[in-house]
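Any read-out appearing in this document is the output of simple, stated calculations on the displayed coordinates, not a laboratory observation. Remember, it's a predicted structure, so these values are computed and weren't measured experimentally.
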């Protein structure tokens, strides 16, 4: 290992300090951009709009007249799909903002993206209860369907 002169060592320290300050400033800018990030998605099936933050927090949800005419299960499934699309896009934009700040050997997608949203494929989060009776079972009602005692 070569021996550095005092001037060379001082220059190396100054260079490293300048690099570190530059990285911290870039991280600060990225943090501000992430705080401001808003991602919009519109349903592919009806008039549902969702806005999420860079972290995927649902900030706004609007349902148009066409959407509110859907059956509850269909409406819920379409809301979930639309919000998941917005979250997947927010994850992609977050990765673009953070990529210059993260070492190349770090799996940024594994840190930022929700595996359930990979490929923007919504998972089935809504149960379909269309085959169930309109009135739920009750422990107050006798099994023979008579009136409670």
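Side notes on the structure shown:
- Fraction of alpha-carbon pairs over 20 Å apart in segment 1-115 - percent: 58 percent
- Using every pair of distinct Cα positions in segment 38-101, the Kirkwood expression returns a hydrodynamic radius of 12.1 angstrom.
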